[in-house]
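What follows is a single structure, written as C-alpha cells, with notes after it.
The values are calculated or read from the model by the stated rules, or taken from the named source; none is laboratory data. All values reported here derive from a predicted model rather than from experimental measurement. All Cβ positions, glycine included, derive from the backbone under ideal geometry; neighbour counts span all protein chains shown. We work out accessible area using only protein heavy atoms, side chains counted, and drop any ligands, DNA or RNA first. Shrake-Rupley method; radii C 1.70, N 1.55, O 1.52, S 1.80 Å.
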Amino acid sequence: MINVDPLELEKFSQLAHRWWDPGAEFKPLHDINPLRLDYIDGIAGLRGKSVLDVGCGGGILAEGMAVRGARVTGIDLADKPLKVAQLHLLESGLQVGYRLVAPEALAREAPGGFDVVTCMELLEHVPDPAATVQACADLVKPDGRVFFSTLNRNLKAYILAVVGAEYVLKLLPRGTHDYAKFIKPSELAAMCRAAGLSVTGITGMTYNPFSRLYSLGTDADVNYILHATKQ
Ligand code: SAH
C-alpha cells in the first residue's frame, strides 16, 4: 500500500506548467519561500548540509536551499512537477537531484541518509500523514533536523485557508485544500514523538490580506511550521 492520493497528484500535475509563474496558482509558495528559507537556514545552517525535500513539487524550496549552499535532493510522486523542477535547473543553473520516489521507499533505501529533511505543504495532501512523518524521521540522521509545514484545523483555519484563500481572495484554486485533512499542531507533535522525533519549535505563518504580506510569528492558528530533532 502506497501512501498517496492519486487525485492529489493529478491536481498538482495539471498545474505543473504554472509552478514558476510567481503571479499564478503557486504564488503563495513563492511568497512564503523567503520566510521559510530564513527559518530553516537559521535553525539548521544549510551550507554544506545534505538536505532532502519531501514533496518538492516544482522545486521552489529545493532551489532556495541549493542557493544557500545545501546539497539538495527533491522527491515527489507526481511526474509533471518533477519534470518542471528538472527543467527549471537549466534556467537557474543550480544543482538539485530530483527523483520520483515515495519517502517511505527512500527511507528503506537510505535510512539516516540526510542531515536535514523538509516536508512543506504536503502532509495535508496524503492519506496517512503519520506514515510520512515516520518516513521523514527515518530519513534524517541522529541529531538531524526535520521541518514540517501544514494547516491547522479549527474554524479560523477553515474560514481563512479555505473560504478566504480559495473563494474570496482566490489566492489558490478551489479544491486545493480539504479541511478534514488539516492537522492540529498537537496532532503533528504526537506523530513526531511516535516517530522518534522531539519537537523543538512551532512557529506560525500569517497572511495579511491588506498588505498582502506573509510573516512568521506566534500565531499558529492557520499555517504553521514545526521543527523537530531526531533523538
Ligand atoms: N513542498 C513544496 C510543494 C508543495 S505542493 C513547496 O512547499 O513548495 C504539494 C506537493 O506534494 C505536490 O508536488 C504533490 O505532487 C506532492 N505530493 C502529494 N502527495 C504526495 C506523496 N504521497 N508523496 C510525495 N509527494 C506528494
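Could you give me the residue pairs with C-beta distances under 6 Å whose first residue belongs to the stretch 114-125 and is more than 9 Å from the ligand (Cβ to nearest atom) and open to solvent by less than 10 Å² (accessible area, probe 1.4 Å), whose second residue is among the small types (Gly, Ala, Ser) and outside any strand (DSSP E or B) wherever it lies, and which are 6+ apart or on separate chains? From residues that are more than 9 Å from the ligand (Cβ to nearest atom) and open to solvent by less than 10 Å² (accessible area, probe 1.4 Å), the pairs are Val116/Ala44.
Gly201 falls short on exactly one of the conditions (1) part of a helix (DSSP H, G or I); (2) touching a residue at least 40 places away in the same chain (Cβ under 8 Å), and that condition is (1).
What residue, of Pro129, Pro142, is open to solvent by 10 Å² or more (accessible area, probe 1.4 Å) and over 18 Å from Ile202 (Cα atoms)?
Going through Pro129, Pro142 in turn, just one is open to solvent by 10 Å² or more (accessible area, probe 1.4 Å) and over 18 Å from Ile202 (Cα atoms): Pro142.
Restricted to the stretch 46-108, the set of strands (runs of 3 or more DSSP E) holding at least 2 residues that are open to solvent by 30 Å² or more (accessible area, probe 1.4 Å) comprises 71-76, 96-100.
Just one of the listed residues (Glu25, Glu91) is of a type outside the set (Gly, Ala, Ser) and modelled with pLDDT under 95, namely Glu25. Kindly indicate whether any position in the stretch 208-231 is surrounded by 19 or more Cβ atoms within 10 Å (Cβ to Cβ), out of contact with any Lys or Arg (no Cβ under 8 Å at 6 or more places or on another chain), farther than 24 Å from Leu139 by Cβ and of a type outside the set (A, V, I, L, M). For the stretch 208-231, residues surrounded by 19 or more Cβ atoms within 10 Å (Cβ to Cβ), out of contact with any Lys or Arg (no Cβ under 8 Å at 6 or more places or on another chain), farther than 24 Å from Leu139 by Cβ and of a type outside the set (A, V, I, L, M): absent. Selection of the stretch 40-72 for residues being under 16 Å from Val146 (Cα atoms) and either touching a His at 6+ places or on another chain (Cβ under 7 Å) or within 13 Å of the ligand (Cβ to nearest atom) (or both) yields Ile40, Ile43, Val51, Leu52, Asp53, Val54, Gly55, Cys56, Leu61, Ala62, Met65, Val72. Restricting attention to the stretch 16-26, the residues being in a loop (DSSP other than H, G, I, E, B) and either open to solvent by 40 Å² or more (accessible area, probe 1.4 Å) or away from the ligand (no atom under 11 Å from the Cβ) (or both) number 6.
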